[in-house]
Amino acid sequence: MNTWGVTVYGNPCRECRFDWSISVEAAAALILDVPDRYAKLLEGQDGSARHPDLTWSVGAYVCHVGDNLRIFAERMWSAVEAKQVHIEGYDQDDLASVRKYEYIPLDTALWSLSHAAGMWYEAYEAAFGREATFNHSERGPQTLSDIVQPAVHDAKHHEWDIRRSLAV
Ligand SMILES: [Zn+2]
């Protein structure tokens, strides 16, 4: 079980109900459904809906989940292909600011998310086959499960954020 995730969000997650005891294989497989789930959820939307408690619009969440998957795809690929296992945290709000999420059309964000999910799964399969491990600057030594579960939770949690933003 992912102790970081359980400590921060509870098990299951207090908000999106993600179960942190899910196996790494089952968790990873969920990423393949994310682009379709997001596209269906956002059908007929322009991406501008925003929950009053949240800073980001639903379109910005799509951009964030795509960026997060792409970043972690690169990290898994780096560990396998270049034996570069060091991971530094990144500030998601800084990234949103420099990327100007609010100006990325929803259809573009969904297209990008679809590619990011494919990249992520390709890197996951490579990392799983070679039993990759990582070293996070703040969280210390990380197994593949420690890397996979937070990425999958991020996608599930923001699906929950998008759902409640559209329900307002
Ligand atoms: Zn959650």
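Here are the numbers:
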quantity	calculated
Members of the stretch 138-165 found to be of a type outside the set (D, E, K, R), within 16 Å of the ligand (Cβ to nearest atom) and either without any contact (Cβ under 8 Å) to a residue 12 or more places away in the chain or out of contact with any Asp or Glu (no Cβ under 7 Å at 6 or more places or on another chain) (or both), listed by number	148, 149, 150, 151, 152, 153, 155, 158, 162, 165
Pairs, first closer than 13 Å to residue 156 by Cα and touching a residue at least 60 places away in the same chain (Cβ under 8 Å) in the stretch 5-16, second of a type in the set (Ser, Thr, Tyr) and within 9 Å of the ligand (Cβ to nearest atom), C-beta under 9 Å, six or more apart	15/9; 16/9
Filter result for residue 130 (open to solvent by 10 Å² or more (accessible area, probe 1.4 Å) and either of a type in the set (S, T, N, Q) or modelled with pLDDT of 95 or more (or both))	no
Lone unmet requirement of (1) out of contact with any Ser or Thr (no Cβ under 8 Å at 6 or more places or on another chain); (2) open to solvent by less than 30 Å² (accessible area, probe 1.4 Å); (3) touching a residue at least 40 places away in the same chain (Cβ under 8 Å); (4) not aromatic (Phe, Trp, Tyr) for residue 135	(2)
Residue in the stretch 93-113 that is within 16 Å of the ligand (Cβ to nearest atom) and either of a type outside the set (Lys, Arg) or crowded, with 19+ Cβ neighbours inside 10 Å (or both) present	no
Output for the stretch 26-67, where each listed residue is among the hydrophobic types (A, V, I, L, M, F, W, C) and farther than 14 Å from residue 117 by Cβ	26, 41, 42, 49, 54, 56, 58, 60
Failed criterion for residue 21 (all others in (1) assigned to a loop (DSSP other than H, G, I, E, B); (2) in contact with a helix residue (DSSP H, G or I) (Cβ under 7 Å, 6 or more places away or on another chain); (3) within 16 Å of the ligand (Cβ to nearest atom) hold)	(2)
All positions within the stretch 147-168 that are of a type outside the set (Val, Ile, Thr) and open to solvent by less than 40 Å² (accessible area, probe 1.4 Å)	149, 150, 151, 153, 154, 155, 157, 158, 159, 161, 165
The stretch 42-60, subset within 16 Å of the ligand (Cβ to nearest atom) and surrounded by 14 or more Cβ atoms within 10 Å (Cβ to Cβ), residue farthest from the chain's Cα centre (by Cα)	51
Residue in the stretch 73-89 that is under 21 Å from residue 48 (Cβ atoms) and among the aromatic types (Phe, Trp, Tyr) present	no
Inter-residue pairs, beta-carbon under 7 Å, first without any contact (Cβ under 8 Å) to a residue 24 or more places away in the chain and in the stretch 76-103, second hydroxyl-bearing (Ser, Thr, Tyr), 6+ apart	84/78
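The values are calculated or read from the model by the stated rules, or taken from the named source; none is laboratory data. Keep in mind that this is a model prediction, so the values were computed, not measured. Virtual Cβ from ideal backbone geometry, glycine too; neighbours counted across all protein chains shown. Note: areas computed on protein heavy atoms with side chains; ligands, DNA, RNA excluded. Shrake-Rupley method; radii C 1.70, N 1.55, O 1.52, S 1.80 Å.
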